[in-house]
Amino acid sequence: MIEFHLDARSGVSPYLQIVGQVRQALLLGLLTEGDKLPTVKEVVAKVAINPNTVSKAYRELEHQGLAAAKPGVGTFITRSLGQASLAEHGPLQRELRTWLAKARAAGLTEPGIEALFTSTFRESAESAEEEK
Amino acid sequence: MSAILHAQALGKRYGRRQALAECTLEIPPGHVVGLVGPNGAGKTTLLKIACGMLAPTSGRIEVLGEQPAADPAQLARIGYVAQDTPTYANLSVADHLKLGAKLNPRWDTELAQARIEQLDLDPRQKAGKLSGGQRAQLALTVAVAKRPELLILDEPVASLDPLARRSFLRHLMESVAENGTSVILSSHLVSDLERVCDYLVVLVSSRVQLAGETDDLLAQHYRIVCTRREESDLPSDLEVIWAEHTDRQSTFVVRGDTETPTGDWVADHLELEDLVLTYMERAADSGRRAKTQKTEDAR
């Protein structure tokens, strides 16, 4: 069983935070196919949020094909996210390091690098979303 | 299902003071409703009218499809916890439960006992000797064990420390999840309500400024930052809630569609707290302007 935690200052809506944490748990291998998610009541009794928020998150997970609700029993994980673990991303990480060094050499400050990365990341995520 | 609370031009006047004015609301069932506003905005007045402790001086109100306190059956469907979660200081925890059982036709003894155990409260303890957090939990237990369809709580966490606040809200949400109870709770702090409420009513200077599902409200509002311009230069489908200008920059808070308004500007969503504060500031601002106008007229 996993536990959720919410960050009030993150700017991400609580239901998306829950969805994100389930995805993350799948990537980290904390959750696999057949695992049961905590019930709505268990979640709200732990983190003091609106029950509808949890239901909405679980519906979104169903919509994404990651979980399925069995009426009267609970919500279960239906699919593992068979992505390589972070440790296997070594080459990508090395490339990113090289890029960061280049950005610094070009005179960008830390906040400048972060801003450039975030805006590019967002743009690319949006265009990837549109292509879908 | 019909609205849990339906108010039409509801008003309450104490002598010359208008505590609540032109209050029109239609709150659908199945929500945890946050009633937010500064102190003295009329929150308590509205909640007291809703549970039948006060009669309005104008307008109409229906709660769960009936007039508040129309008959004992209607009273049994509503749980009310007044400001500062009052309990009887000289009665023990067990006495409170006994009293609850005697006074309420739908009293759930098992649920009440289970909650007291879960909270680790000593049944023999006098309520006057409990901590603020424990008293609040006892008041909530009595209200919840009544098995109401609607639970009305007036500033339930205002006097609690952060830990007791969190614990109170956890228990409240647990009982909402379990029984599907609709809840209306008030607070002067948005941060108290942000995570627990999925419906919001903002009340300032005795008037409703904003009401709706939290997610919708967040999706419809944007902060636009652009080069200095007038409100009239913005697209007409955007309702300007707030405008601020410097010599070269303008900042607007607008309400529009759920689609991001596009133009030569930066548009971003607001956090719930900023959104509510914007409406509060706007109301306070127009209140000040009305007052200045009055003094000028008087001259």
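Per the conditions (1) out of contact with any strand residue (DSSP E or B) (no Cβ under 8 Å at 6 or more places or on another chain); (2) more than 28 Å from B:GLU271 (Cβ to Cβ), the sole criterion not satisfied by A:ASP7 is (2). Counting only strands (runs of 3 or more DSSP E) that sit completely within the range B:186-290, those holding 1 or more residues that are within 14 Å of chain A (Cβ to nearest Cβ), surrounded by fewer than 18 Cβ atoms within 10 Å (Cβ to Cβ) and under 17 Å from the mean Cα position of the chain (by Cα) correspond to B:207-213. Inspect all residues belonging to the range B:277-292 and state whether any of them is in contact with a helix residue (DSSP H, G or I) (Cβ under 6 Å, 6 or more places away or on another chain), among the charged types (D, E, K, R) and closer than 21 Å to B:TYR222 by Cβ. No, every residue in the range B:277-292 fails to be in contact with a helix residue (DSSP H, G or I) (Cβ under 6 Å, 6 or more places away or on another chain), among the charged types (D, E, K, R) and closer than 21 Å to B:TYR222 by Cβ.
Evaluate the range A:78-99: report whether one residue or more is within 14 Å of another protein chain (Cβ to nearest Cβ) and of a type in the set (Ser, Thr, Tyr).
Within the range A:78-99, the first condition is being within 14 Å of another protein chain (Cβ to nearest Cβ), and the residues that meet it are none.
No, the conditions are met nowhere in the range A:78-99.
Looking at B:ALA164, B:ALA143, just one residue is of a type in the set (Gly, Ala, Ser), within 21 Å of the chain's Cα centre (by Cα) and surrounded by fewer than 21 Cβ atoms within 10 Å (Cβ to Cβ), and that residue is B:ALA164.
Considered as a group, the residues in the range A:44-67 that are within 12 Å of another protein chain (Cβ to nearest Cβ), surrounded by fewer than 20 Cβ atoms within 10 Å (Cβ to Cβ) and touching a residue at least 40 places away in the same chain (Cβ under 8 Å) include one that is farthest from the chain's Cα centre (by Cα), and that residue is A:LYS46. Here A:SER13 fulfils each of the conditions (1) in contact with a helix residue (DSSP H, G or I) (Cβ under 7 Å, 6 or more places away or on another chain); (2) facing chain B (nearest Cβ under 8 Å); (3) of a type outside the set (Phe, Trp, Tyr) apart from (1).
None of B:GLU26, B:GLU22 is away from every other protein chain (no Cβ under 14 Å), in contact with a Gly (Cβ under 7 Å, 6 or more places away or on another chain) and more than 24 Å from B:VAL142 (Cβ to Cβ) except B:GLU22.
Every number here is computed from the coordinates shown, using simple stated rules; none is lab data. Values in this document were obtained by computation on a predicted structure and should not be read as measured data. We place every Cβ from the backbone using ideal geometry, glycine too, and count neighbours over all the protein chains shown.
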